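This report concerns only the one structure given below.
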There are 2 protein chains.
Amino acid sequence: MLIIGEKINGTRQKVGTAVLARDADFIKELAVKQVEAGAVILDVNAGTPVEREPEDLVWLVDTVQEAVDVQLCLDSPNPRALAAAISRVKRTPMLNSISGERHRIEGVLPLVREHGCPVVALALDDAGIPKTVEERLAIVRRLIGETRKAEVPDGNLYIDTLVLPVATQQDAGMTAFEAMRAVKTEFPEVHLTVGLSNISFGLPDRHLINRVFLALAMAAGLDSAIADPTERELMREMLAAELVLGHDAFCRRYTTAYRKGRYGFVPKPTN
Amino acid sequence: MLIIGEKINGTRQKVGTAVLARDADFIKELAVKQVEAGAVILDVNAGTPVEREPEDLVWLVDTVQEAVDVQLCLDSPNPRALAAAISRVKRTPMLNSISGERHRIEGVLPLVREHGCPVVALALDDAGIPKTVEERLAIVRRLIGETRKAEVPDGNLYIDTLVLPVATQQDAGMTAFEAMRAVKTEFPEVHLTVGLSNISFGLPDRHLINRVFLALAMAAGLDSAIADPTERELMREMLAAELVLGHDAFCRRYTTAYRKGRYGFVPKPTN
């Protein structure tokens, strides 16, 4: 599992304030903590008004790169902000995101093509998030038609089949899992990603629901997630799911995390 | 999910001691606690030497029935003990277990037939637990051939496809899940059950692995488990998995458990 650290997101109030105040220490700490916790990529989203976003995203990128040396996932609907940030990154960034929406394809796909970026691709279009598996698959097919035309390799796509809240649609989880399986069957080279928190919207103890959803999604082929790697129970669940699904050779990642007392594991002293 | 409470098992040292000492209070408390926690069936296993087991199992059944009014799962390899206990139960009991082993079929299947009992059926035979899905499926096919000949309805079977430790066989979890799916596809009327703890044998923090295995097995069709319903994190995981898998209409079981503060949920005060 590839964890894309989600915490540097200006739509979260504290982060937004830090971006506006140019509080580099706060941002750097978020970066370091996520990388220490196991994030391999960091999402960076300025979340500020469109006219100042390019400048803010550039500042974020510069600040994060002073603190850690990892791939960034530049997160914005604004091609101008993405283009400005791409000029500053040390490693080829992931872009977040394209979708079946016409303006996203026209605005972001050229950047993906030009810079050879991996990209998050959402299974929605100008009509919104479709309810059925078949409709989402149809969007993914059209989208992959476009990315192939732009010579983007399927392996650079991180498809988010999207998930609706189970509180309002009882089969929301199953629909998400079926869509994941369907995409992976038809396009075996693509990666699958997902935002974890939508499934639990409106329900109590959301972290519990989110982490169980993560484990079940991994069984459906999910191989990356935009998530908070400092959430210990989530990370323990992920490690255990990798283990049970046979993705952890010799149980090494699980037993190492346990032995080092990571993610809240409490190792017993050995004699 | 049907939870079969596992705690009244004489092979656990404290329970074994209580059985030998005829400590009815201890046994009754185990029964009451499991039923309060959500067990719908209680497994009762005397675990004592074969010559005294019938008498011990009868005492256990009588004792448990003085405390709670639920279905029992009579758990013994010994047909004499099962027959003695069947004569005392107030409700048709589940029997645990038959398998592809010749002596189990000959000893236990006649009781299943005569008393119309649901029965746990293990996917192993005289050669032991097979490694592959196909071999386990072959045993299940032979076993269901026998149960159908004895006019046992498929819906009375609780098939345990068995699970090996992931520490010694990396694909142990996936093999278990594939076997579950294969059985359910070929015999849609049967139930699936499983012992949770084998998967984590030899690894640290076994409860974490066991509960993640449970959630993933539920996605593969598991609809019952012999487990400890007083284990709060396990039960929360199970509730969340039912919710995410779309088996909890209107999220009612999940939100009720939360609101009542069951299983360690800490409800926030509503205004």
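The values are calculated or read from the model by the stated rules, or taken from the named source; none is laboratory data. Treat the numbers as computed from the prediction; the structure is a model and nothing was measured. Methodologically, a virtual Cβ is constructed for each residue, glycine included, from the backbone with ideal geometry; neighbour enumeration extends over all protein chains shown. In case anyone asks, the SASA skips ligands and DNA or RNA and just uses the protein heavy atoms, side chains included. Shrake-Rupley method; radii C 1.70, N 1.55, O 1.52, S 1.80 Å.
Quick rundown of the values:
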| item | result |
| --- | --- |
| Qualifying trypsin sites (Lys or Arg not before Pro) in the range A:44-132, DSSP loop, other Cβ atoms within 10 Å at most 15 | A:52, A:90, A:91, A:131 |
| Taking the convex hull of Cα positions in the range A:13-78, its mean projected area over all directions (nm²) | 4.1 nm² |
| Spacing of the two label points (7 Å from each Cα toward its C-beta) at residue A:206 and residue A:87, in nm | 3.7 nm |
| Proximal lysines relative to residue B:131, as straight alpha-carbon distance under 25 Å, when same-chain residues fewer than 8 apart are discounted | B:184 |
| Interchain or long-range residues, amide H under 5 Å from residue B:97's placed H | B:76 |
| Candidates per GluC sites (Glu not before Pro) in the range B:32-120, loop by DSSP, up to 12 other Cβ within 10 Å | B:51 |
| 22 Å Cα-Cα threshold exceeded, pairs from A:7/A:149; A:7/B:260; A:28/A:90; A:7/A:28 | A:7/A:149; A:7/B:260 |
| Volume per residue that the Cα convex hull of the range A:65-191 spans, once the total is divided by residue count, Å³ | 115 Å³ |
| Per DSSP, loop trypsin sites (Lys or Arg not before Pro) in the range A:168-271 with at most 11 further Cβ within 10 Å | A:260 |
| Rough spin-label spacing in nm, given labels placed 7 Å along Cα→Cβ, for residue A:115 and residue B:11 | 5.9 nm |
| Using alpha carbons only: equivalent-ellipsoid semi-axes of the protein assembly as shown, gyration tensor based, whole Å | 51, 25, 20 |
| Stretch gain in nm, segment residue A:232-residue A:189, where the contour uses 0.36 nm per residue and the Cα spacing is subtracted | 12.5 nm |
| Cβ-Cβ FRET estimate between residue B:131 and residue A:50, R0 fixed at 60 Å, reported to 0.05 | 0.55 |
| Label zone at residue B:24, where the point sits 7 Å out along the Cα-to-Cβ direction: the range B:43-69 residues whose backbone N lies under 16 Å | B:56-69 |
| Residue order for A:233, B:237 - accessible surface, 1.4 angstrom probe, largest first | A:233, B:237 |
| Alpha-carbon centroids, the range B:137-207 and the range A:21-77: separation in whole Å | 48 Å |
